[in-house]
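K.L.:
Here it is: the structure, laid out below.
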Amino acid sequence: MLLSRAKALSAIQGSSSNAATQTARAMAASMTIDEDLQSRQMAVYGRESMQRLRSAHVLITGINGLGAELAKNIVLANVGSVTLHDMHGATVRDCGSHFYLSMDDAAKGTNRAAACAAQIQELNPGVAVKVLDGPFPVDRLQEWTVVVAVGMPLAEAIEIDQICRTASNPIAFIRTDVRGLCGSVFVDLGPSFTTLDPSGESVKSAIVEHISVSDDGKCLRVGTVDDEPLDFDDGDYCSFAEVKGMEALNAYGALKINEVFRGKKLMVVAVPEELAPSLAGQAFESGGIIKEQRQPLTLAFRSLQEFVNQPGDLWEADESKMAPAATAFEEEFLSVMGSPAANVCYGRSGLLHLGFRALDEYVSSHGALPPPADAAAADELVEIAKRINAASPPEAAVRQLELPARAGVLRQLALGAAAVLPPMSAIFGGIVGQEVIKAAVHKFYPIHQGFYLDSFDCLPEGGVPVDECSTAAIADAGRYGDQVAVFGTSMVEKLQRLNVFLVGSGALGCEFLKGFAMMGVSCADGGQLTVTDDDVIEKSNLSRQFLFRNHNVGQSKSLSAVNAVALMNQDLRAKPLQDRVSPQTEGVFNVPFWQSLDVVVNALDNVKARLYVDERCVFFEKPLLESGTLGTKCNTQMVLPHMTENYGASQDPPEKEAPQCAVHNFPHNIDQCLVLAHSEFVGNFDTTPRDVLEFLAKGKEWVIALERAGESTSAILDKLRGDPRVCCGMAGGCEDVLIAERSSTFEECVGWARRKFDSYFRNRIEQLLHNFPPTATTSQGVPFWSPPKRLPKTIHFDAKDPLHMQFIISAANLRAFMLGVPTPATCRDAAFIGAMLESSAACRPRAFTPTDDVSIETDNKEEDARRRAAAGASPEKDAADVEAAVDKLLNAQVPAGFSPKPNEFEKDDDANFHMDFISSFGNLRARNYSIEEIDKFQAKIKAGRIIPAIATTTAMATGFVLLELYKQLNALPLEARRNAFANLSLPGPRILLTEPAPCAKIKSGQRWDPEMYMDVDEVAYPEGHTLWDKLLVPNAAQMTLAGLLDFFKSTHSLLVTELALVTADGKNASIYSATLPTMAPKNEANLPKRLAELIEEKTGRSIASCALYPLNHIIFTTLDGDDVTAAKVVLQM
């Protein structure tokens, strides 16, 4: 029984333990964040939010499959503590969704919280995991900052919510449930909750080109340079810095942007009354940075009781499921369109809200959920819903409930309400886990206040046979009873016999493996799950790749993951491999392997690998379930044979790279500084030692080989002696290592680092300002140092500056590692290094004088060409310089056994000096150009290209994919399939489910040819074919090239006009051409040859074991000479 509300409030507001609780929270918040472990998560939340998470204490009541998902995701998020509360013993059916319960737990009826606590704790030893059983601890609510209720009856939830929201320090209350193929969330963060960063996106900024004040003085017209995309939007707030001529803007603070237009390069900014006098009479001169000022947002949350009666705004994840009046845009819907009533009255979300209200009333009356597949109980629930709806006010009443399809949703809710399905638990575990984090860190936009989702489109079109979901069938199904209750026994049998290929076993892969084990995928004779991943486990993986533990670091991902998931379901037939799926492993993943598969699931983190798997799936006509995540965002894509387009049909545009002139000479943001820092790391400590090893091994022959490979003379000179524009007072390349700065002691390595400091941050700037003085102008008379260029200043070394010393220490230690020089125990000691710099002759800097013969690239190609022509050397001189550099190196006195060691960049090892060098270099470079500096961790994210990743988004993405697996096995039409796009940081949460794009049908007629830049007439063969169709050539093993031509002419009335094969080095080798006269001799020689012989001759690839071989470069015409667009040609060898 609950305490009275007054007593509970007294316990919360007046408890003497409050001070102790606050002290514990403060201690947790002060704990240091392990950046190696939490780097991917910190890239999403930031350090300050991660500290707030440490002060969060979460109570989860109801540890069924959904509760376990929540506990996993929240513990991985690195909160202060998680308390698991449950009053139920484990059952066999619980084992179908609760991945940390064993059949032994079910046999003993062990309390579900107690049974899984140790395994939940193993996920993150830094989080205190506690267990409570018995009645709900209402008198102890002051111990937690967030309370999550799973499976809690409505009356009790209303009482608890009211206690939480009226506490002196409101406690966040979240109620959530998964009922078969439906799920619900209610969020109450108190009467007033402020999110400090509603979107969580990167702060926007731009470089100002001009500013003018309107005639009435009420707004500014701000133009920005046309250098990079400008993402400001109407209603954003911004601030100014570095503006000259209107300095009052720099000190004011946040100003509202009224309008953004003209390709988003021009904006109108409101001028507050108090700022206007300061701007009067001022004129813009130059410079300026405009930066977004993210504004906090305060939201008022209503109680659960109020929400039940009037839900307010509800997000529609799948608008195709709205009432017919909405999808047809009928007048009655248009009258409320744009208001909360639109989705409440006509949306699927409003219908599900009503359904869950009816379900709560049913539970209140019967003391239990409707039994599975109980038609009478379903009818009763529909009647309860109609009664509730009739008593609701117009703005909260569901419309068109009389339609069979709308009432049918309520029936389906009742029929499966007692089931907890793994995919729905994964989805809502991700969504609700993120809401817990939002409540704790006050970042992102929380659900305000309810969210509903269903996936009834997973059910078979003809319905589930009654005998397949009977009470007896459910009991016989054991751990799969909940799936049988929803889908019937046939679905479980299909799942168990599946032959699945999971590509990747990282974050997504771990979640998929857990889902497969819970669903029974490949868990019976005839089933097979092949998992491959060539990567090994790193410490940073542990924060989201939940199957791995500290003792797994350094081990194979696929092997460790399979071993871990086997504990969840011992029947899983899983085979781990450590092979990368690529053209080089087609002997492993051969034709019989691909032909044996039922479905392929991608769990990859790079586009190149995804494209290759996609290509193989199209070739072998296998369904591919694709997904990806980026921080709080995710997407899933279903690639279905002969139904949808493939993954490669649409790709994101390539990332815009900064011009090299900006990176090397004119940076205007920290990213460009870090690009150069990374480049210099690679050049100094990876590329150069490799070049030295090549030169020592091959001498002049190495240079000749570079010339034959098409390497430019300047690039070869760079490798041999360095680029004077970069080295500025020092040698570079091989000469630096073998002659000029050959170091045999740590002291000499420190001296090299000291001279490099001057070379990079003083000499290079002096040379740049020598070429382009502050007063320089362009040929058009415009000041050279105009935005986006920033006038640099030199930096003079100061041993008292920590950043200066960070560069020296890291560069010296990296140099010593490369050269095999022993380092002293004090190699990280700034005082020791400082004293060495002060006293050692080996550490003396060198004088530098800028010269007139150095050409520096700018963003003006015409002027650069003139400068290069004036300073350029003749080809003969370049060749002579190469020869002289080679001779100099050949005469170098190199110690016996000298062998520099390349050092590949590794961002996740804080002890290797890599990020120390890159972060110090990047920040010193930023200091040269008065660019805002960043800390080492931010530099690590940017330079290391760390992909933001969190457990919540990953879990949700895999849940959506696994729902589509049900649909695949039920052979549902395209209209039932869904791609998902989601962003858990935005209101809603922003989840969009859309029908996959159908595969394009190629038809005869005109098409636009981008290469010829004109319309061309073509014949499609066969008519209406898609990327999935093929023209098979049978018995091709003994067929000659002449036989192939005859086959297409006689069988398909097509003439082969061109045929080429791809060689081992990726080039096209023509073996037949009917249009090029020069090919006549080759045609004559090749026509009598067998295709197998020609393929092996040109590609170097034996096809003896290859049952299928694609001809990707074959061109046809009709017998009348019309161009043909044909389906893919495949030889059956």
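The values are calculated or read from the model by the stated rules, or taken from the named source; none is laboratory data. Since we're looking at a predicted model, the values are computed, not measured. All Cβ positions, glycine included, derive from the backbone under ideal geometry; neighbour counts span all protein chains shown. These area figures cover heavy atoms from the full protein model, side chains too; ligands, DNA and RNA do not enter into them. Shrake-Rupley method; radii C 1.70, N 1.55, O 1.52, S 1.80 Å.
K.L.:
Where q = 0.11 Å⁻¹, what log10 of I(q)/I(0) comes from the Debye formula for the range 1001-1132, counting one point per Cα?
P.N.:
-0.41
K.L.:
If you project the alpha carbons of the range 973-1020 onto the principal axes, what extent comes out on each, in Å, largest first?
P.N.:
Taking max minus min along each principal axis of the Cα atoms, the range 973-1020 gives 48, 28, 10 Å.
K.L.:
What is the Cα radius of gyration of the range 41-185 over 2.2 N^0.38 Å, N being its residue count?
P.N.:
Here the answer is 1.04, to two decimals.
K.L.:
With a cut-off of at most 10 other beta carbons within 10 Å, and DSSP calling the residue loop, which chymotrypsin sites (Phe, Trp or Tyr not before Pro) in the range 584-651 qualify? Please list them.
P.N.:
In loop regions of the range 584-651 (DSSP not H, G, I, E or B), there are no sparsely surrounded chymotrypsin sites (Phe, Trp or Tyr not before Pro).
K.L.:
If you project the alpha carbons of the range 247-378 onto their three principal axes, what span does each projection cover, largest first, in Å?
P.N.:
For the range 247-378, the Cα extents along the three principal axes come out at 80, 35, 24 Å.
K.L.:
Could you give the accessible area per residue of the chain, probe 1.4 Å, as a whole number in Å²? Show your work: numbers first, answer last.
P.N.:
Numbers: 46840 Å² over 1133 residues.
Per residue, the chain has an accessible area of 41 Å².
K.L.:
Counting alpha carbon pairs within less than 8 Å and at least 6 residues apart, what relative contact order, in whole percent, applies to the range 534-641?
P.N.:
In percent, rounded to a whole number, it is 17.
K.L.:
Just for the range 1001-1132, what percent of DSSP beta bridges are antiparallel, to the closest 5?
P.N.:
That works out to approximately 75 percent antiparallel.
K.L.:
Probe radius 1.4 Å, ligands and nucleic acids ignored: give me the carbon and sulfur share of the accessible area of the chain as a rounded percent.
P.N.:
52 percent
K.L.:
Additional query: With both partners inside the chain, how many of the DSSP beta bridges are antiparallel, as a percent to the nearest 5?
P.N.:
That works out to approximately 65 percent antiparallel.
K.L.:
Quick one: Kirkwood hydrodynamic radius for the chain, alpha-carbon pairs, angstrom, one decimal?
P.N.:
33.9 Å is the Kirkwood radius here.
K.L.:
A further question follows. Express in whole angstrom the spacing between the alpha-carbon centres of the range 441-514 and the range 343-405.
P.N.:
After rounding, the separation between the Cα centres reads 23 Å.
K.L.:
Got a sec to turn the phi values of the range 69-81 into Karplus ³J(HN,Hα) couplings, 6.51 cos²θ - 1.76 cosθ + 1.60 with θ = phi - 60°, whole Hz, x for Gly and Pro?
P.N.:
Once θ is set to phi - 60°, the couplings for the range 69-81 become 4, 4, 4, 4, 5, 6, 5, 5, 5, 6, 6, x, 7 Hz.
K.L.:
For the chain, what is the calculated [θ] at 222 nm in deg cm²/dmol (nearest 500), taking -39500 (n - 2.57) for each run of four or more DSSP H residues and dividing by its residue count? Before the final figure, lay out the partial values.
P.N.:
On the way: 43 runs with 442 residues, N = 1133.
My calculation for the chain gives -11500 deg cm²/dmol from helical runs alone.
K.L.:
Going by average Cβ neighbours within 10 Å, how do the peptides 430-443, 880-893, 142-155, 799-812 rank, with the highest at the top? Display every interim value, and only then the final one.
P.N.:
On the way: 430-443: 26.4, 880-893: 14.7, 142-155: 21.9, 799-812: 20.3.
Those peptides, ordered most packed to least, come out 430-443, 142-155, 799-812, 880-893.
K.L.:
Could you go through the range 741-753 in sequence order and give the Karplus-derived ³J(HN,Hα) for each residue, using 6.51 cos²θ - 1.76 cosθ + 1.60 with θ = phi - 60°, rounded to whole Hz, and x for Gly and Pro?
P.N.:
Ordered by residue, 3J(HN,Hα) equals 10, 5, 10, 10, 10, 5, 4, 5, 5, 5, x, 4, 5 Hz.
K.L.:
Now for a separate question. List the lysines whose Cα sits under 29 Å from the Cα of Lys1049, skipping any in the same chain fewer than 8 residues away.
P.N.:
Output for Lys1049: Lys1001, Lys1003, Lys1030, Lys1067, Lys1082, Lys1089, Lys1098, Lys1128.
K.L.:
What list of ³J(HN,Hα) values in whole Hz, one per residue of the range 299-304 in order, does the Karplus curve 6.51 cos²θ - 1.76 cosθ + 1.60 (θ = phi - 60°) give from phi, with Gly and Pro shown as x?
P.N.:
10, 9, 9, 9, 6, 4
K.L.:
Next up: Once amide H atoms are built 1.01 Å from N in the peptide plane, which residues 5 or more positions from Cys219, or in another chain, come under 5 Å H to H?
P.N.:
Here the answer is Ser214, Val271, since their amide H atoms fall under 5 Å of that of Cys219.
K.L.:
Please report, in whole Å³, the volume per residue of the convex hull around the C-alpha atoms of the range 567-621.
P.N.:
111 Å³
K.L.:
Run through all the Cα pairs of the range 1006-1081 and give the fraction in each 10 Å bin from 0, expressed as whole percent.
P.N.:
Spelled out bin by bin, the range 1006-1081 gives 14, 33, 43, 10, 0 percent.
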